[in-house]
Amino acid sequence: MKLIGIDIGTTTISGIVMEHNVGNNAELIEAKTIANDSFLPTANDWEKIQDAEQIIKKAKDLLDYFLDQYPEVKRIGLTGQMHGILYVDKAGRCVSPLYTWQDGRGRLPEDNGISLVEEIQQKCQVKAASGYGMVTHIYNLRHHLISDVAVSFCTIMDYFGMYLTGRKRALIHASNAAGFGFFDGYHMCFMKEELDKIGIQEKWLPEVCGAMQELGTYRNRIVTTAIGDNQASFLGAAGS
């Protein structure tokens with residue numbers, strides 16, 4: 001069975017076609033990498049944001065190329081840059097740039113004289129670096145940087161899965177949820193009590209799954225939940 005994998009990285013977007021054979025053996029059929037080059041200009045040197053819609057167009061074009069070349073493909077897997085987030089509205093449309101994992105807003109001094117990551121450590125006893133999705137979200141919420149029509153957030157690869165399948169709300173794998181921060185890997189859920197201490201309402205949180213699930217279909221092929229690129233690279237090196 002032929003499978004396609006798409007990896008949305010910070011500087012490049014890559015794709016592969018694999019033949020998965022009996023006995024869990026896999027053969028690489030074709031690999032292709034294109035430039036991402038979607039960073040948006042900003043007046044702040046600490047701000048690292050990208051054009052989410054441009055990224056999605058590039059990823060879709062790459063995926064369509066593979067599907068045209070290999071019509072026998074049955075499944076599509078997704079991965080990409082962890083930690084970063086974008087916002088979606090109730091119809092599942094992107095309504096923000098992608099705030100990448102490189103973003104430094106969480107390190108900026110706030111009115112209380114300390115950075116947000118320091119405040120989180122003090123109030124919640126949670127270690128979360130600037131660029132982690134939940135840190136970005138807290139900062140954006142406090143500074144009124146979120147669109148009035150936004151209802152939730154997810155990673156860029158989760159949004160790509162929504163875009164391909166027409167889902168209105170993200171379903172994210174635990175590996176991506178952990179990249180946001182404030183995630184309890186033992187109980188496989190967000191730390192809602194700690195988030196409440198810092199002023200984050202549960203309504204913002206995306207749905208999380210602990211195992212691979214089907215998101216829907218694109219061009220009659222099954223699209224599965226995205227996983228973090230660190231986890232994907234480990235599976236690629238060590239095997240599943």
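Observations, loosely collected:
- Region 124-240 - convex hull of alpha carbons, volume per residue in Å³: 121
- Segment ARG93-GLN69, extension gain: residue separation times 0.36 nm, minus the distance between their alpha carbons: 5.8 nm
- Taking the convex hull of Cα positions in region 31-108, its mean projected area over all directions (nm²): 6.9
- In sequence order, region 30-39 has phi-based couplings of 7, 10, 8, 10, 10, 6, 7, 5, 10, 4 Hz under the Karplus curve 6.51 cos²θ - 1.76 cosθ + 1.60, θ = phi - 60°, and Gly or Pro positions carry x.
- For SER115, residues with placed amide H under 5 Å, excluding near neighbours: GLU110
- Value at 222 nm in deg cm²/dmol, rounded to 500, when DSSP H runs of n ≥ 4 in the chain each add -39,500 (n - 2.57): -8500 deg cm²/dmol
- Accessible area, probe 1.4 Å, largest first, for residues TRP46, TRP101: TRP101, TRP46
- Rolling a 1.4 Å probe over the heavy atoms of the protein chains gives the chain an accessible area of 48 Å² per residue.
- The chain: angle of helix 156-165 to the longest principal axis, Cα-based, in degrees nearest 10: 50
- Residue among LYS48, LYS57, LYS203 with the largest mean-square fluctuation in a Gaussian network model of the chain, springs linking Cα atoms under 10 Å: LYS203
- Region 120-163 shape via C-alpha gyration tensor axes, a/c threshold 1.5: oblate
- Accessible area (Å², 1.4 Å probe, nearest 10) - ARG169: 100
- Local net charge near GLU47, Cβ-Cβ under 14 Å (Lys/Arg +1, Asp/Glu -1): 0
- In the chain, the C-alpha radius of gyration followed by the widest Cα-Cα span (Dmax) gives 18.1, 60 angstrom.
- Projected label distance in nm at LEU28 and LYS127, using a 7 Å step from Cα toward the beta-carbon: 3.4
- Principal-axis tilt of helix 229-238 within the chain, Cα atoms, nearest 10 degrees: 40
- When you restrict to C-alpha pairs under 8 Å that are six or more residues apart and normalise by the size of the chain, the relative contact order lands at 20 percent.
- Where ASP111, ASP229, ASP103 fall by accessible area, highest first, once all protein chains stay in place (1.4 Å): ASP111, ASP229, ASP103
The values are calculated or read from the model by the stated rules, or taken from the named source; none is laboratory data. Computed from a prediction, not measured in an experiment: that's the story for all the values here. Reconstructed Cβ throughout: ideal geometry from the backbone, glycine too, with neighbour counts over all protein chains shown. Note: areas computed on protein heavy atoms with side chains; ligands, DNA, RNA excluded. Shrake-Rupley method; radii C 1.70, N 1.55, O 1.52, S 1.80 Å.
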